[in-house]
1. Let me know the Rg and Dmax you get for the chain when you use only its Cα atoms, in Å.
2. Once you charge only the Cβ atoms, +1 for Lys and Arg and -1 for Asp and Glu, what is the size of the charge dipole of the chain about its Cα centre, to the nearest 20 debye?
3. Normalised by the residues of the chain, what does the relative contact order come to in percent, with Cα pairs under 8 Å and at least six apart?
4. At 1.4 Å probe size, with no ligands or nucleic acids counted, give the accessible surface of residue 257 in Å², nearest ten.
5. Using a 1.4 Å probe and counting only protein heavy atoms, arrange 126, 71 so the residue with the most accessible area comes first.
6. Given 132, 223, 173, which one lies farthest toward the positive end of the charge dipole of the chain, if we put +1 on the Cβ of every Lys and Arg and -1 on the Cβ of every Asp and Glu?
7. Quick check: the angle from helix 134-145's long axis to the longest principal axis of the chain, C-alpha only, nearest 10 degrees?
8. Given the whole protein assembly as supplied and a 1.4 Å probe, what does the accessible area of residue 189 come to in Å², nearest 10?
Amino acid sequence: MKLTKAQYDEIAQFLGHVQPTRQSLRQLKEKFPSQSQSTLLSIFSQEYQKQIKRTHAKHHTAEAIETYYQRYLNGVMKNAAAPVLLELANEVDFAPSLMARIVLERFLQEKEQAIPSKTLINSMLRDPSQIPDGVLANQVYQCTVNDCCYGPLVDCIKHAIGHEHEVLLREMLLEKNLSFIAEDQLRAKGYDKTPDFILEVPVAVEGHIIHWIESKASFGDESSHQAYLQDQFWSYWNRFGPGLVIYWYGFIEELDCHRERGILLKDCFPTDIVTLRHSMAQC
């Protein structure tokens, strides 16, 4: 679903005044009933991540870390079964999974008298049963399952959704009898940055030649799209020629401004693909 910049700004402004909770997501759907739920969910997640990035530093000062850790200890001392970390994260407007990471790292640092490795921290966040403290393990678990935008559970879901859409795109290309080389095949040949699919025979979409297709299971807002342009799309264009990006959950329509330079945006698989064979048949 494509949105105008004004429509997107209205949604983003609404999200700037609510807590990033499932209740807020329901309010968002009620506020904008004409918009796709998957589009709203994607925008909800992206706006929340922007907010967390803006405030990330203040939650990682030595003073903030010690305050959070002591509040955790005091809270579980009073009631170990209460969702102390989750409530603390909501109180200070920080992602529950990231709050769990801060307190877990501080706990391990005190226990081992050394800074724990990121590998160890990530492993314990994925599987809290590895944490050598039952109360903290339960607190971390509560944070990860109640965090709708961050954490190992969310990462797993996002990866699965992204893979699902790549499979869907592959099936659509096969259905259209379009020959292609997939990303894994390209990487096996030594390419580093590659689109999801390169067409062995270019096609035309809305009058534009397409050599490659990239699948994005997200909404294309200005910040994410500019980052993708810089890190991926222009590299693809430079190496493989013009291509197509599919933002399955929509995008800001004003961002589709590089068609003449060779990057086309769509929110679904195009239905008006013109192949070389089709063009020759018309001649």
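1. Spelled out, the Cα radius of gyration and Dmax of the chain are 22.8, 81 Å.
2. Computed about the Cα centre, the dipole is about 180 debye.
3. 17
4. Answer for residue 257: close to 90 Å² accessible.
5. Greatest to least solvent exposure: 126, 71.
6. 132
7. Value to nearest ten degrees: 30.
8. Residue 189 has an accessible surface of roughly 140 Å² with all protein chains in place.
The values are calculated or read from the model by the stated rules, or taken from the named source; none is laboratory data. Since this is a predicted model, take the numbers as computed values, not measurements. Cβ sites come from the backbone with ideal geometry, for glycine too, and all protein chains shown count toward neighbours. Accessible surface areas use protein heavy atoms only, side chains included; no ligands, DNA or RNA. Shrake-Rupley method; radii C 1.70, N 1.55, O 1.52, S 1.80 Å.
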